[in-house]
Amino acid sequence: MATGESSAARNRQWLLARRPSGMVSEADFELAERPVPEIGPGEVLGRVRWLSFEPAMRGWMDDRESYVAPVELGEPMRAPGLAEVVASNDPAYAPGDVVFGMMSWSEYVSGGWSARTAGRGYRRVPTDVPREMLLGPLGSTGLTAYVGMLDVGRPEPGDTVVVSGAAGATGSVAAQIARIKGCRVVGIAGGAAKCRWLLEEARIDEAIDYKSSDVGRRLRETCPDGVDVYFENVGGSTLEAVLDNLALGARIALCGLISGYNDAEAQPGPRNLFQLIVRRASIQGLLLWDFLDRVPEAFADLRRWVTAGEIAYRVDVQEGFENIPCTFLRLFTGANEGKQLLRL
Ligand code: NAP
């Protein structure tokens with residue numbers, strides 16, 4: 001095998017050391033050094049260059065039924081990212097190719113990548129798109145925002161649309177798509193700086209700082225005719241406040257419930273779910289996987305809007321392999337300003 005890497009090279013990895021109880025912490029991970037894998041026939045070796053962080057990864061640390069299998073104890077944390085091919089026994093990949101796909105908190109990843117197709121394998125990244133844009137608004141969070149807002153939320157011009165987690169990677173794109181579609185958009189986010197960004201850069205109509213105001217009261221003030229579409233990223237008391245302010249026939253796109261991801265015990269659901277009956281409203285959970293046929297159109301639209309300045313975005317790029325666990329934790333304190341990435 002001609003890897004171009006020294007045979008003495010080591011593959012540092014962050015392993016899942018224990019299943020967290022409550023808030024995830026750096027102590028839940030453990031640093032390990034293993035040999036850089038040898039690759040067999042048809043296999044590829046990649047050097048991980050970028051990692052993308054998603055709140056859902058917290059759920060992968062728990063041993064419970066979900067839409068993907070949990071990460072096993074002692075295995076490297078699974079994570080989406082970009083890798084550069086450094087050695088290949090597969091004619092479909094050449095050294096220097098940069099690919100996107102589900103990787104891990106490792107310096108190197110290997111395997112038979114051509115076999116991993118059906119939309120979930122490694123895909124070559126376009127060379128004419130900046131990496132930050134590709135992993136940010138054109139990546140899975142932007143694509144999820146697109147299908148969540150347009151296919152599940154189905155906003156009409158003139159609708160009042162509320163987005164929680166509105167300054168984050170998914171929420172900020174969802175909110176701006178609703179603005180582009182002619183809706184009145186209210187974003188809910190934590191802190192004055194994030195709210196200012198939503199008003200000045202994302203150019204939505206209202207921003208509610210849930211950390212310093214009464215969300216229910218502010219929703220009544222900013223949405224006097226009720227909420228037609230709610231793009232939900234947070235859950236908990238925010239969801240309850242929106243349920244109390246729904247318009248007749250409202251649609252809720254249930255994208256995420258981050259306020260509960262670190263609960264040691266699952267909390268009872270919203271106390272006012274009855275409002276769905278009162279308002280004849282619907283709520284639908286969504287996963288990007290179910291909309292893969294929409295990805296080409298979503299990618300093209302998002303790229304056009306971002307390039308034209310119709311969608312503003314921020315990426316929060318941390319550096320260095322050793323900072324992987326603490327970078328992940330930023331998602332749960334709200335320290336991240338935009339899409340959380342790390343460059344290796
Ligand atoms: P993000 O919004 O860029 O970052 C997470 C943000 O969540 C933080 O910056 C923080 O913003 C907020 N947050 C953290 N803890 C919170 C709490 N206890 N209460 C309220 N807000 C809290 O991350 P993202 O990747 O775009 O994910 C956002 C949501 O979308 C998550 O719920 C995620 O699971 C979901 N998601 C779902 C799918 C899907 O396929 N269904 C795909 C991607 C993302 P503030 O500073 O504003 O509090």
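Any read-out appearing in this document is the output of simple, stated calculations on the displayed coordinates, not a laboratory observation. Since the model is a prediction, treat every value here as computed from it, not as a measurement. Note that each Cβ is placed from the backbone with ideal geometry, even for glycine, and that neighbours are counted across all protein chains shown.
Details
- Placing unit charges on the Cβ atoms of the charged side chains and taking the dipole of segment 54-183 about its Cα centre, the candidate lying farthest along the positive direction among 171, 150, 114 is 150.
- A simple packing score, the average count of other Cβ atoms within 10 Å per residue, orders the peptides 267-278, 78-89 as 78-89, 267-278, with the highest score first.
- Spin-label model, residue 33/residue 294: points 7 Å from Cα along the beta carbon direction are separated by 4.7 nm.
- Förster-model FRET efficiency, 35 Å R0, residue 69 and residue 192, C-beta, rounded to 0.05: 0.30
- Dipole of the chain, positive direction: furthest Cα of 264, 99, 278, with charges on the beta-carbon: 278
- When peptides 40-53, 134-147, 57-70 are ranked by their average number of other Cβ atoms within 10 Å per residue, the highest-first order is 134-147, 40-53, 57-70.
- Amide N of segment 242-265 lying under 16 Å from the label point, which is placed 7 angstrom from the Cα of residue 225 along Cα→Cβ: 246-251
- For the chain, a simple Cβ point-charge model (Lys and Arg +1, Asp and Glu -1, everything else neutral) yields a dipole of about 440 debye relative to the Cα centre.
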